[in-house]
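So the structure is just underneath, and the comments pick up after that.
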Amino acid sequence: MDAAQKERVAALLAEEQVAIIVTQGEQWPTATMQAFAETPELDLIFIMNDTADKFQNALGNPHVTVYFDAREKGKVETFEISRLMIQGVAAEVPRDSAEWQRLKQVFLKKSPFEAPFFKYPTLRMLTIKPKRLSYAGADRQTFKAEL
């Protein structure tokens, strides 16, 4: 992925508040809309309850897909909508570790409305390290990248 492509991906991630995270269960995939945040390296951060299917699925099979789109800013009737699919590997961030604290700040900077959830001891954090992505811009520019 070249610098201009990374800039397009980063811009879409920066303007979106939620994404659809898809995890694979024993029988069925689970797709859930979640608030997220991103790092400058394009790693994704999600928080969820430790009993949530998506969390348990990601622990059992860490290969996940995350989907983003800007349909609220695009033209649905002509499909001029910027969208992005990231496939990556999920990892749990140990609670109360230095990494947890660092990523919590990144997450809350983007999604301050999620702050109340951090008081629950059952809250867990996942990061997703992108391995592949597919981008389609509202301007019809598209690309795929292996990371």
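One residue alone among Arg124, Arg102, Arg83 is free of Cβ contacts under 8 Å to residues at least 12 places away in the same chain and basic (Lys, Arg), and that residue is Arg102. In the stretch 47-60, the residues that are more than 17 Å from Gln27 (Cβ to Cβ) form Cβ pairs under 7 Å with partners that are assigned to a helix (DSSP H, G or I), at six or more places apart or across chains, as follows: Ile47/Phe107; Ile47/Glu114; Ile47/Phe117; Met48/Lys54; Met48/Phe55; Asn49/Phe55.
The set of residues in the stretch 111-140 being farther than 20 Å from Ser97 by Cα and open to solvent by 100 Å² or more (accessible area, probe 1.4 Å) consists of Phe113, Arg132, Arg140. Per the conditions (1) in contact with a helix residue (DSSP H, G or I) (Cβ under 8 Å, 6 or more places away or on another chain); (2) aliphatic (A, V, I, L, M); (3) assigned to a strand (DSSP E or B), the sole criterion not satisfied by Ala115 is (3).
The values are calculated or read from the model by the stated rules, or taken from the named source; none is laboratory data. Everything quoted here is computed from the prediction, not taken from an experiment. All Cβ positions, glycine included, derive from the backbone under ideal geometry; neighbour counts span all protein chains shown. Quick note on the areas: whole protein, heavy atoms, side chains included, nothing else; ligands and nucleic acids left out. Shrake-Rupley method; radii C 1.70, N 1.55, O 1.52, S 1.80 Å.
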